[in-house]
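The values are calculated or read from the model by the stated rules, or taken from the named source; none is laboratory data. Just so it is clear, the structure is predicted and the values come from calculations on it, not from any experiment. All Cβ positions, even for glycine, are placed from backbone atoms using ideal geometry, and neighbour counts span all protein chains on display.
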Amino acid sequence: MGPDASLIDAIAVTEPRKASLYFDIKRNTLDDGPGIRSVVFFKGCPLSCTWCQNPESINTGYELSYDAEKCISCHDCADACPEQAIDLSSPDKIIRDKCTQCFKCVDVCPSGALERCGNDIDMDHLVEKVLEDEAFFEASGGGVTVSGGEALMQMDSVGELFSRLKQRNVHTLIQTAGLFNYKVFENLVLPYTDTIYFDLKLMDSDAHKQYCGVPNHSIHENFRKVQALARDSVIEVLPRVPLVPFITDTDENLSAIADFMLENGVKNMQILPYNPIWLDKLPRFGSVQRLDFGEGTGKFMPDAELDRCTEIFESRGIHVHCHR
Amino acid sequence: MNAITNVVGQSLEDGARVARLKKAVDEATYGGCIERAVLWSEYYMDEANDGKSTAVQIAEATRHVLANKTVKIYPDELIVGNFTAKRVAGICYPELGGLGIMIGVDKLPTRKVNPLEISEDEQAKLQSYIPFWMDKNMVYLAFDGQEEQMRFVKEQIEALQYQLYEAGGIAHLAPGYEKVIKLGAEGIIAEVEAFEAQTNDPSKLDFYQSVKISMNALAEFGDRYATEARRLAEAEADPQRKLDLERIAEVCARVPRYGATSFYEAVQSMTLTHIAIFQETIGETTCPGRVDQFLNSYYEEDLAAGRISRQEAKDILGAFCVKLCETIPMYSDELTSMLGGLTSWEVVTIGGQDSEGNDATNELSFILLELADELRMRQPNFHVRLHENTPKAFYDEVIRVNFGPGSAPAMYNDETIIESMMNVGYSLEDARDYVAIGCVEPTAPGKTLGSTDAGMYNMALALEMALNEGCQFGSDRQIGVKTPPVSSMKSMDDVLDAYKVQVKHQLGKLHADLQKCEQFHAKYHPTPITSATLEGCLEQGVCSTQGGAKYNFSGIQGTGMAVVADSLGAIESAVFEDKWLTLEELVAHLKDNLSDEVVRTRLKGIDKFGNDIPKADAWMKWVGDHYSDSIHALGKNTRGGQYLAGVYSNTSHTHFGGLINATPNGRRAGETFASGFAPENGADKRGSTALINSMNRIDFKKFANGINFNIKLDASSYDCDDGKSALGSMYKVYFKRHGMQVQANMLDPKILIEARDNPELHPNLLIRVSGYSAYFNDLSPEMQDEVISRSSNGAEQ
């Protein structure tokens, strides 16, 4: 087994959680699977990709988000904070070391500048929330997507959610970074899963560790297994590759990914154009920017680049999907 | 007489002719035309006409106009008929609301919004009739005494509480063009004579006399085009055009005098009748209706007999559609701010079901949709009827046409509308035949005088007055009832009681004024041509203005629904539940225009309509139901029909919003309201599905005069196969759960900002505003900003 076996054990959910930890539910999405969908963003991820477009999803705990654009400087939060962790005259505004995440400041904030990121929700409420748009799922052939973070860090929750959704014939889809305990997945989640969107980022394991925080062996092992399921028509699998300039989008890396896909019988894949909006989110969580490749860091990818990346897969007979 | 064999010849080059007609109309300068006002005045100033009955005078005055107005046949035209002496122009009606225009006519060419070209000679001529009409116009005759007249005019201009469009003329109907096409003027005269023989009632005989005069005038109007076409044909060098003109001459010699014997004749007959009605009385919002239904038998017969091809039929209909763009309203500055743009609201309704409930979508429905897509002009307004059995191919085509430069056809749900119409007295068969009038108003064509836009009512004023003892904030002008001061209001019910009292009082006032207008029309402005086409009028011998039509209604629109609903929700939450401020404190903040940013932000943060939050949505339902019940409680109009509630706003939401002080939902003084039934701008933050869930909590069947639900969508999200399919599903869900109407605003903010800053870049950018289409450049600057802000919100979602 690869060197990250212990990591898998560590993230396997052994004790059923009373509640699911999520940070957002997005409705009416058109790009997260077929039809009109609701997406549950679970919080917590075993990876820590430097370009993560949801940096607030990585941490498995609650976080305080502060959006300076929305702040009207009423100071109600500073008055409410029992720890004196808010100082609107300081450049950082929030003294994160002092914050105990009591979120009293969020309760009093009139403008929504302060928000709690990460909420526990019990299954009945979660099901109720995702079914608000059930009529639209039914009419459009849509359904529910779980994303994150890594949804499969909370397999109890995902399994329970999906089993309830399947009772109502709602289509279920997982977006995963691929690092999960396959055995637990097979028992708890797979029976209720229609589709998996499986991300592959870097073929070189050292580079994967450097940029994503973990090596990639287990991810690739899981990929082989779910692809086998796809070949047996148990589920549908769509491999996806996030394009990050100079890191994942190199000819070398994409060619290696394409070859790996071919080995596993992949016929369709999706490229995810680089999303620079992640930069906007960092200051809200007091996070540091860990990736900078110059001017392009803050820009959407030019079409020519997407064409180049597409061609690497198409030339091997793999059909490429891409929302531009 | 025989039908013309090869109807339009080979000169139609796959739509190229229609494209040239469109170009000519698009490029024409907008004008004001004085011809109708001059001829009308001539007739009434001629003492020989004194002493005749009112009906005969109207008929003869109309005949005088039709017989003497300029007749023009423009290059490339196959469908002929000119509304005015200019290519694109408005008509002034001195006996109705035209006096205001006549007095300020010198400003028309240079005003900022919607300037109209009108020469100095024309201005002087028009103004020379002012003294004559001073004591013969609508307001003078409708209201007793100078004080009342002045009050009414002042209130109409200010338009704070309400504005009555019926004060400018009734219109707002779909005449029975089907009948004229089938019988022709001669056939109608024969019908009149049969009724005449059965009665001695002098008032009936007088009405019949007026109809006969009018029908003869209509027949002779056709003759004038035949003569003109013959004259042009003789002088025409191009042999192909000569052939066209000879055909026009043949067709116009037959229609509208006789019943049509071909598709071409049918469309020509309808066109000249439509134009004649614009001379008889104000024409805006006179709607052709279900063109695909009543023309279909002519199309199918011609097609089967090899007399016409699909493309030829499309070109004829295309020429008709372009023609509808040649008329624009001639509004005063005040009215322009309420009715932004230069739309004449001539609605063509497409698809739907027949009187037995079977799907009625046909090839002409598809052709009209194609034209809607290809022409994308201000007129006609294309409105589409949908129901459970609408063919998928047609529905897909409707969704496809949703995309394009700004324009999307409004979509109607047959199931909800038919039920709402039956609730107010339409028979099932007649309800199934409904058309949309003007913005969104359903009526049965050819049998209804619905006066669907009798008035617009500012709902938010009642709320402001409920919080300030019947006055606006900072004013001691007692517009409303002196309700208790807020210091004595101890519960939500106390607030609601005051609101209800103010609404009742205002609507009572509106009702009294409106009835004066109704009585004016009945007494002074009968409409014999229109009435001859409406079922019931000839049978009863009663003009439609006096209640002769089979169905009679008056529609009154409530504007500011969401601002009132969100404000009531905010009061309940802030004052009576969370109690973070008292009602007195809240009102003090409102009077201070919510300058305290913390308070304003808190108020804005309270749950609003449109987010799939049951409690917030319940307030919208409460306000809507209360409004509908209040309108129904007004009883019957003087034509014997019910008052109906509608919720659409044209651009009155901007006008009314401009006059209302800060509101408890966190809105500051003067800010616009949302349009129609939509959530307040920017208040719906959870996306389209949440919004539709909220909308589906409303009981739309209570709004038989129609509602407008303008959903703003980011075009780029949906303009792909997946997106179109998702969009189609979304509308289906809305309709399946008893939605009533929806119209998409497919927006790309960048193009709008460009159009605002550089109007010349996008001169023909079509933008949907609350149920009707207008070019973006026709809108006032405030309205342009409103559209931009709306579209920006859409893009953020």
Of all residues in the stretch A:163-183, which are in a helix (DSSP H, G or I) and small (Gly, Ala, Ser)? A:163
Of B:543, B:537, the only residue that is within 15 Å of residue B:640 (Cα to Cα), in contact with a Gly (Cβ under 9 Å, 6 or more places away or on another chain) and crowded, with 24+ Cβ neighbours inside 10 Å is B:537
Pick from B:249, B:237, B:233, B:194: which is touching an Asp or Glu at 6+ places or on another chain (Cβ under 8 Å) and either loosely packed, with under 15 Cβ neighbours inside 10 Å or of a type in the set (A, V, I, L, M) (or both)? B:233
Criterion (in a loop (DSSP other than H, G, I, E, B), in contact (Cβ under 8 Å) with a residue 60 or more places away in the chain and more than 11 Å from chain B (Cβ to nearest Cβ)) met by exactly one of A:102, A:49: A:49
In the set B:51, B:97, the lone residue that is over 30 Å from residue B:312 (Cβ atoms) and either touching a helix residue (DSSP H, G or I) at 6+ places or on another chain (Cβ under 8 Å) or in contact (Cβ under 8 Å) with a residue 60 or more places away in the chain (or both) is B:97
Can you tell me which residues in the stretch A:52-77 are of a type in the set (Phe, Trp, Tyr) and assigned to a loop (DSSP other than H, G, I, E, B)? A:62
Are any residues in the stretch A:266-324 touching an Asp or Glu at 6+ places or on another chain (Cβ under 9 Å), of a type in the set (D, E, K, R), surrounded by fewer than 15 Cβ atoms within 10 Å (Cβ to Cβ) and farther than 16 Å from residue A:254 by Cα, and if so, which ones? A:324
From the list A:165, A:190, A:202, A:161, exactly one residue is under 30 Å from residue A:250 (Cβ atoms) and at pLDDT 95 or above. Which is it? A:202
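Would you mind finding the one in B:744, B:715, B:704, B:726 that is among the small types (Gly, Ala, Ser) and assigned by TED's automatic domain parsing to the domain that holds residue B:684?
On inspection, the qualifying residue turns out to be B:704.
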Exactly one of (1) surrounded by fewer than 24 Cβ atoms within 10 Å (Cβ to Cβ); (2) under 17 Å from residue B:702 (Cβ atoms); (3) more than 27 Å from the chain's Cα centre (by Cα) is unmet by residue B:617. Its number? (1)
Quickly run through the stretch A:82-107 and pick out the residues that are of a type in the set (A, V, I, L, M) and at pLDDT below 90. A:88
When the residues of the stretch A:105-132 are narrowed to those that are within 14 Å of another protein chain (Cβ to nearest Cβ) and without any contact (Cβ under 8 Å) to a residue 40 or more places away in the chain, which ends up nearest to residue B:734 (Cα to Cα)? A:131
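Quick grid of which residues meet (1) polar (S, T, N, Q); (2) under 18 Å from residue B:276 (Cβ atoms):
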site: B:182; (1), (2): no, yes
site: B:188; (1), (2): no, yes
site: B:197; (1), (2): no, no
site: B:212; (1), (2): no, yes
site: B:217; (1), (2): no, yes
site: B:227; (1), (2): yes, yes
site: B:233; (1), (2): no, no
site: B:243; (1), (2): no, no
Residues satisfying the stated conditions in the stretch A:30-65, i.e. among the hydroxyl-bearing types (Ser, Thr, Tyr) and in contact with a helix residue (DSSP H, G or I) (Cβ under 6 Å, 6 or more places away or on another chain): A:38, A:50, A:65
Anything in the stretch A:27-39 that is surrounded by 24 or more Cβ atoms within 10 Å (Cβ to Cβ), part of a strand (DSSP E or B) and more than 9 Å from chain B (Cβ to nearest Cβ)? List them, or say none. A:37
Answer yes or no as to whether residue A:186 is in contact with a Ser or Thr (Cβ under 9 Å, 6 or more places away or on another chain), outside any loop (DSSP other than H, G, I, E, B) and without any contact (Cβ under 8 Å) to a residue 40 or more places away in the chain. no
Residue A:135 in a helix (DSSP H, G or I), aliphatic (A, V, I, L, M) and either in contact with an Asp or Glu (Cβ under 7 Å, 6 or more places away or on another chain) or more than 14 Å from chain B (Cβ to nearest Cβ) (or both): no
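Could you please find all residues in the stretch A:249-273 being touching a Leu at 6+ places or on another chain (Cβ under 8 Å) and over 21 Å from residue A:196 (Cα atoms)?
Across the stretch A:249-273, the qualifying residues are A:249, A:253.
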I want to confirm something. Restricting to the stretch B:731-752 and keeping residues that are farther than 22 Å from residue B:680 by Cβ and at pLDDT below 95, which single residue is farthest from the other protein chains (Cβ to nearest Cβ)? B:751
Listed residues B:80, B:25; which is β-branched (Val, Ile, Thr), assigned to a loop (DSSP other than H, G, I, E, B) and in contact with a Lys or Arg (Cβ under 9 Å, 6 or more places away or on another chain)? B:80
Kindly evaluate residue B:342 against the criterion of being hydrophobic (A, V, I, L, M, F, W, C), touching a Gly at 6+ places or on another chain (Cβ under 9 Å), outside any helix (DSSP H, G or I) and at pLDDT below 90. yes
Test result for residue B:196, farther than 22 Å from residue B:72 by Cβ and either in contact with a helix residue (DSSP H, G or I) (Cβ under 6 Å, 6 or more places away or on another chain) or at pLDDT 95 or above (or both): yes
Could we say that residue B:656 is outside the structural domain of residue B:424 (by TED's automatic domain parsing) and assigned to a loop (DSSP other than H, G, I, E, B) here? no
Single residue of B:728, B:794, B:723 found to be modelled with pLDDT under 65 and surrounded by fewer than 24 Cβ atoms within 10 Å (Cβ to Cβ): B:794
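Please verify whether residue B:714 is surrounded by fewer than 22 Cβ atoms within 10 Å (Cβ to Cβ), away from every other protein chain (no Cβ under 11 Å) and among the acidic types (Asp, Glu), treating the condition exactly as stated.
Criteria not met by residue B:714.
Return the only residue of B:684, B:617, B:629 being more than 14 Å from every other protein chain (Cβ to nearest Cβ) and farther than 22 Å from residue B:486 by Cβ.
Within the list B:684, B:617, B:629, the selection yields B:629.
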Candidates B:622, B:580, filtered to the one that is of a type outside the set (D, E, K, R) and either in contact with a His (Cβ under 7 Å, 6 or more places away or on another chain) or within 27 Å of residue B:505 (Cβ to Cβ) (or both): B:622
Restricting the stretch A:224-262 to residues that are acidic (Asp, Glu) and more than 19 Å from residue A:309 (Cα to Cα), the residue that is surrounded by the most Cβ atoms within 10 Å (Cβ to Cβ): A:236
